[in-house]
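The values are calculated or read from the model by the stated rules, or taken from the named source; none is laboratory data. Keep in mind the model is a prediction, meaning the values are calculated, not measured. Cβ placement follows ideal geometry from the backbone for every residue including glycine, while neighbour counts extend to all protein chains displayed.
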Amino acid sequence: MRLTAREIRIAWGFLAGVTVSEFIAIAWAFQFKGGWVEALLKYLSTPPGTLWAWLMAAAVTGAYVAYSATRSPVIREYAFRPTAWAPFWALRLFAIPMAFVTGFFEEAFFRKSVMDMAALHGYGDLTQILISALVFGLAHAIWGVFGGKLQAALAVMLATTTLGALLALVYLAGNRSVGPCVAAHIGLNLFLEPWLVISSATLSWGKRSLRA
């Protein structure tokens, strides 16, 4: 599979833009100086979560990876075949730090911040889940927008809204511990990126096969 110059720009622009912007947000929030590593670890492990939440997180990771493989020929063709990565090694390597940065930031925001704020305003668990899922789905609709198609944006929004709801359930099952959610999100990104971004750039999400 060969990417056009436009598709390469979209893939790199999205990966780099999201990684850099979210890293800056983390750096600002935790003020990267002495003791910031300990602060991050404390944030992830307070509270430590429950066994049930960690098991749910593992199940969500496996299920969403499997689902994504059914929806994207790019993922089916490349995600589990390192021998086929040669044309995309730079993107694949850059996706590793991206997985950790976005996995941490997005769960800290879409789960912990959004759901805790909703709880603070008196909303119940179900409403917290719905708000977190919808905000998460809307934010990820930009994948389809970058590809240039409303239909693609809606498909991505539906998939990520569902994922957001599942991760919100994990958050509540862990007694509002963000650790299992972050682990699941990082795991998903390590498996699925940059292939999800390439799927969006090439408008191949939902198709059965790759173009020539």
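You will find that of A139, A173, A118, the residue that is of a type outside the set (V, I, T), out of contact with any Phe, Trp or Tyr (no Cβ under 9 Å at 6 or more places or on another chain) and either surrounded by fewer than 19 Cβ atoms within 10 Å (Cβ to Cβ) or modelled with pLDDT of 95 or more (or both) is A118 and no other. Looking only at residues in the range 74-89 that are more than 21 Å from T160 (Cβ to Cβ) and either in contact (Cβ under 8 Å) with a residue 40 or more places away in the chain or not hydrophobic (A, V, I, L, M, F, W, C) (or both), the one that is surrounded by the fewest Cβ atoms within 10 Å (Cβ to Cβ) is T83. Check the range 22-30 and report whether any residue there is under 27 Å from A155 (Cα atoms) and of a type in the set (G, A, S). Among the residues of the range 22-30, not one is under 27 Å from A155 (Cα atoms) and of a type in the set (G, A, S), which makes the answer no. From the residues in the range 72-89 that are of a type in the set (G, A, S) and assigned to a helix (DSSP H, G or I), which one is nearest to F191 (Cα to Cα)? Out of the qualifying residues, it is A79.
Scanning the range 40-62 for residues that are more than 18 Å from R176 (Cβ to Cβ) and free of Cβ contacts under 8 Å to residues at least 12 places away in the same chain yields a count of 2.
The set of residues from the range 25-57 being of a type in the set (A, V, I, L, M, F, W, C) and at pLDDT 95 or above comprises L51, W52, A53, W54, L55, M56, A57.
Is it the case, given these coordinates, that G35 is within 19 Å of S177 (Cβ to Cβ) and small (G, A, S)? When the stated conditions are applied, G35 does not pass them. Among the residues that make up the range 90-101, is at least one of them without any contact (Cβ under 8 Å) to a residue 40 or more places away in the chain and either part of a helix (DSSP H, G or I) or buried (at least 20 other Cβ atoms within 10 Å of the Cβ) (or both)? Yes, the range 90-101 has at least one match. Against the test of being out of contact with any Phe, Trp or Tyr (no Cβ under 9 Å at 6 or more places or on another chain), surrounded by fewer than 16 Cβ atoms within 10 Å (Cβ to Cβ) and in a helix (DSSP H, G or I), the options W28, W54 yield a single qualifying residue, W28. Regarding A69, is this residue assigned to a helix (DSSP H, G or I) and touching a residue at least 40 places away in the same chain (Cβ under 8 Å)? No, not satisfied.
For the range 187-212, a tally of residues being surrounded by fewer than 19 Cβ atoms within 10 Å (Cβ to Cβ), of a type outside the set (S, T, Y) and in contact with a helix residue (DSSP H, G or I) (Cβ under 7 Å, 6 or more places away or on another chain) returns 6. Looking at A201, A159, A99, A173 in this structure, which one is more than 17 Å from A79 (Cβ to Cβ) and small (G, A, S)? Exactly one residue qualifies, and that residue is A173.
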